[in-house]
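Structure first, commentary second.
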Amino acid sequence: MYTVALFVRLEAKAGEENEVAKFLEAGLAMANQEVTTPIWFALRLGPTTFGIFDAFTDESGRQAHLNGPIAKALMAKAPELFSKPPAIERVDVLGAKLPK
């Protein structure tokens, strides 16, 4: 069961929308390498608003992700790509329907 998650809201700088999309698409390869990150989504919420949602079985998995390569790459690119710092929210998973 997935009990904890992260939701990250990202606001692209003007003119950087395509670069943000490419950056997030490339993040999938890194997410696939993280054994403690079983669920990972890159999202486009609007013309300049993007997001990341990922879920974990426990707090140690979430913490490993926050200290992992995706988070490091995100923070390194933040000044270049985003109009404000990424808004990282720790959330609890109350229920989930997943494929079998």
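Just so it is clear, none of the values below were taken in a lab; they were calculated from the coordinates. Because the structure is predicted, anything quoted here is derived from the model rather than measured. Backbone-built Cβ (ideal geometry, glycine too); neighbour counts: all protein chains shown.
At a glance:
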item: Under Karplus coefficients 6.51, -1.76 and 1.60, residue-wise ³J(HN,Hα) of segment 23-33 in Hz, glycine/proline x; result: 4, 5, 4, 5, x, 4, 4, 5, 4, 5, 8
item: Residues 23, 41, 7, sorted so that the one with the fewest Cβ neighbours within 10 Å comes first; result: 41, 7, 23
item: Average projection area in nm² (convex hull over Cα atoms of the chain, one quarter of hull surface); result: 6.3 nm²
item: Local net charge near residue 73, Cβ-Cβ under 15 Å (Lys/Arg +1, Asp/Glu -1); result: -2
item: Normalised contact order of segment 4-92, rounded percent, pairs of Cα under 8 Å and 6 or more residues apart; result: 47 percent
item: Spatially near lysine pairs across the chain, Cα under 19 Å, sequence gap of 8 or more or different chains; result: 7
item: Within the chain, helix-based [θ] at 222 nm, where runs of 4 or more DSSP H residues each add -39,500 (n - 2.57), nearest 500; result: -12000 deg cm²/dmol
item: 13 Å beta-carbon shell around residue 5, net charge (K/R +1, D/E -1); result: -3
item: Added length on full extension, which subtracts the Cα-Cα distance from 0.36 nm per residue, residue 75 to residue 91; result: 3.8 nm
